[in-house]
Amino acid sequence: MFLTWPEAAARLNESRYYAATRTNHHRWCDRSEWRAFGAEGAGAFDDDARVVRVHLVVTETGQRLIAEELGLASGDSKQLPSRILGRPTNKIEILPNKDVGASIASGSCEVDSMLVIPCSMSTLAAVANGASDDLIARAADVMLKEGRKLVLCIRDTPFNHIHLGNMMRAQQAGALSCR
């Protein structure tokens, strides 16, 4: 899930890299509008007044896990947040993972930060190697390209040498990996 609000974003985005690569005109802290980007499980932030918008991208595997673990049969994915929360939601926009032309796949969409929760090893590999075959990987690539905060919450353990190498490449590109 990807989430941003002013106080947290101020702490997250004040890195030397971000400050050195962005002009004051583009610094997110000067923006009057806050945005959020979501991947999985973002429904909990629907009531948070600090969150303006959540773009939720659920992979095919994520949809299967939601069906298996939450007992929610796959149906209209646009209704997923309402079905999980049990009420309508206005802040969460569902985007198909195959839509690499979605707004969040462009640097002109001023998303403050992105969290990938959970981040599979295949998504990590795509991000670390610049392979933007789906929306999550493309949006992550844009976050790195634009010097914005990208947090990858790795789910698979134990790690092998390839996993560690991909985590290092992603970190060197500007992503933060956590487990």
Among VAL116, VAL51, which comes first, second and so on when ranked by fewest other beta-carbon atoms within 10 Å? VAL51, VAL116
A correct fewest-to-most ranking of LEU70, LEU124, LEU144 by other Cβ atoms within 10 Å would be LEU70, LEU144, LEU124
Net charge near ALA131, counting Lys/Arg +1 and Asp/Glu -1 over other residues with Cβ under 10 Å of its Cβ? -2
Cα centroid distance between segment 124-179 and segment 70-98, in Å? 26
Taking the number of other C-beta atoms within 10 Å as the exposure measure, put ILE154, ILE94 in order starting with the fewest. ILE94, ILE154
At 0.36 nm per residue, and after removing the present C-alpha to C-alpha distance, how many nm does the segment from GLN79 to THR157 gain when stretched out fully? 24.8 nm
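Read-outs throughout are calculated quantities, based only on the coordinates presented, and are distinct from any laboratory measurement. What you are looking at is a predicted structure, and each value in this text was computed from that prediction instead of being measured. All Cβ positions, glycine included, derive from the backbone under ideal geometry; neighbour counts span all protein chains shown.
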